[in-house]
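A short worksheet on the structure shown next.
Every number here is computed from the coordinates shown, using simple stated rules; none is lab data. All values derive from a computational prediction rather than experimental measurement. Methodologically, a virtual Cβ is constructed for each residue, glycine included, from the backbone with ideal geometry; neighbour enumeration extends over all protein chains shown.
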Amino acid sequence: MKQDGDWSGDAPLSKQIRGSEKKSLTNAWLGLGVPLIMSGFFFGWGHMPFFMAPGVPNPIAGVIGLVSVFILGRIVWETIRLKRFGDPVLDLTQVPVPLGGTVEGQITLGAGLTTAPSFKMKLQCIRRELQRGGKNDRWIEKILWEEEKTVSLLLGGVLPVSMSVPPDQEETNSDDPFNQILWRLTVQAAFRGPSFLEKYEIPVEGRTSVAQKIADEREPSDNTQPPLDKKGFLSMLPFLIVGLGIFVGGIYLLTFGVTDLATACTSGSWPTVSGQVRTSYPPEDSAIFVNWKDSEFAYTFDVNGTTYTGHVIYPHLFWQRSKTLEMSKTYSSGSTVTVYYSPDHPENSCLLPGTRAGAFQRLILALLVMTVGFLFAASAALAPRDGVMSGNTMTFREGSTGSKVMGYSIVAILVWGVALWWVT
């Protein structure tokens with residue numbers, strides 16, 4: 001679905017509202033990361049087979065494959081749209097537009113677009129309300145006023161915009177996040193293949209409000225932020241609580257990650273003793289060699305007359321079933337092994353000491369979980385101030401703190417996901 005353009009700008013009397021072509025293509029590429037991460041989890045870390053039986057594919061592999069094909073198709077489609085239309089920018093001569101004034105400016109399309117059919121422009125004043133129905137809450141849009149006209153493309157891919165705003169309508173109002181007034185300019189044209197469709201939200205205010213805003217913009221600003229809307233904050237409170245809970249869980253997991261890394265670093269200097277492997281059966285229902293006493297891999301060794309039982313090969317978690325199978329063959333039952341043990345706590349032991357990539361597994365996983373929690377919590381906290389509702393979808397205004405937090409967090413999640421796959 002095409003999202004409404006975000007309005008932003010530097011000059012007080014010349015604002016730009018960017019199109020959604022680049023944003024749609026970027027979102028499509030980011031969306032491709034979801035099935036890739038799921039595939040890595042199920043078939044990399046979970047070690048699920050691609051075929052459940054000879055000739056019977058894994059249903060999860062089929063679903064992930066279909067989702068990936070669908071997203072790739074969308075990427076191709078959005079790439080064609082971007083190449084044909086560019087990223088259409090609506091450049092207005094005056095923002096906000098006063099009631100009784102004119103939405104005037106131009107839309108710049110791709111320079112290579114020399115021939116085009118007529119473009120239909122529709123300016124609407126819309127009341128958007130949240131209709132509550134328990135779990136079936138939905139947004140209802142009521143058209144209060146609209147006007148439509150046909151416009152031809154000028155040379156250089158420029159589409160002129162000139163739409164009158166009646167003086168007897170309501171101005172833009174988003175103070176109540178569940179009952180809003182917005183002005184939307186919809187521009188569309190039918191092409192062979194991907195058609196053109198853009199929606200821009202136009203800020204419209206009363207003449208007195210516009211004059212006051214222009215005067216305020218010319219005065220020095222103290223850069224104070226507007227207060228959070230109480231209803232908007234309460235609506236996002238559950239997401240804030242969930243995000244903080246995930247973040248705290250990530251901090252708890254971080255302690256284990258730091259312990260894994262510290263143990264791996266010090267294990268190289270541990271004293272050694274000869275031991276014997278008692279059982280060497282990799283877990284049947286798990287891909288992990290863990291240091292629990294019910295592990296099916298065990299070796300015994302004596303320190304100062306006391307017999308200890310060890311269950312791990314490395315001094316940290318090991319998340320590859322193929323490697324555990326290989327290790328169970330290397331350390332077969334009855335074989336003699338060299339055991340490294342902690343001088344202060346001999347029950348902590350291993351067979352292959354030192355710092356390896358696997359020592360960073362829980363540390364990177366903790367950072368991944370903390371980033372997800374931060375994304376939830378920060379997005380919920382910033383939504384009442386920077387959020388823009390489009391139907392049932394909430395996005396952040398371009399250039400706002402919320403949009404930057406969202407973008408950086410998603411990039412960090414992808415980086416941690418790749419790093420976790422690399423060290424596993």
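Structure shown: which of Lys83/Lys142; Lys122/Lys404; Lys23/Lys120 lie over 28 Å apart, alpha-carbon to alpha-carbon? Don't jump to the answer; show the numbers that get you there.
Details: Lys83/Lys142 34 Å; Lys122/Lys404 31 Å; Lys23/Lys120 23 Å.
Over 28 Å apart, Cα to Cα: Lys83/Lys142; Lys122/Lys404.
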Long-range amide H partners of Arg278, meaning residues 5 or more apart or on another chain whose placed amide H is closer than 5 Å, are Ala298, Tyr299, Thr300, Gly334
Contour minus end-to-end for Asn179 and Ala357, with contour as 0.36 nm per residue of separation and end-to-end as the Cα-Cα distance? 58.8 nm
Note on the stretch 72-203: alpha-carbon gyration tensor, axes a ≥ b ≥ c; rule is a/c under 1.5 for rounded, else prolate if a/b larger than b/c, else oblate; result oblate
Non-local residues with an amide H under 5 Å from the amide H of Trp139, with H modelled 1.01 Å from N and Pro and chain starts lacking one, are Gln131
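Can you sort Asp386, Asp344 from fewest to most other Cβ atoms within 10 Å of each residue's own Cβ?
Working: Asp386 22, Asp344 7.
Placing the least packed residue first, the sequence is Asp344, Asp386.
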The stretch 358-371 - phi-based ³J(HN,Hα) in whole Hz, Karplus 6.51/-1.76/1.60, Gly and Pro as x: x, 5, 8, 4, 6, 5, 5, 4, 5, 5, 5, 5, 5, 5
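Applying a 10 Å radius around every beta-carbon, put 247-257, 83-93 in order of their mean neighbour count, most first. Could you put the intermediate results ahead of the total?
On the way: 247-257: 15.6, 83-93: 18.8.
Put in order of decreasing packing, that is 83-93, 247-257.
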In whole Å, how far is the Cα centre of the stretch 77-107 from that of the stretch 251-274? 58 Å
Once amide H atoms are built 1.01 Å from N in the peptide plane, which residues 5 or more positions from Lys15, or in another chain, come under 5 Å H to H? Leu92, Gln94, Val95
A chain fully extended from Thr307 to Val63 at 0.36 nm per residue, minus the present Cα-Cα distance, gains in nm 82.8 nm
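Would you mind getting me the FRET efficiency between Tyr252 and Lys83? Use the beta-carbon distance for r and R0 = 51 Å, nearest 0.05. Each step should come with its number before you reach the end.
On the way: r = 48 Å, r/R0 = 0.94.
After rounding, the FRET efficiency stands at 0.60.
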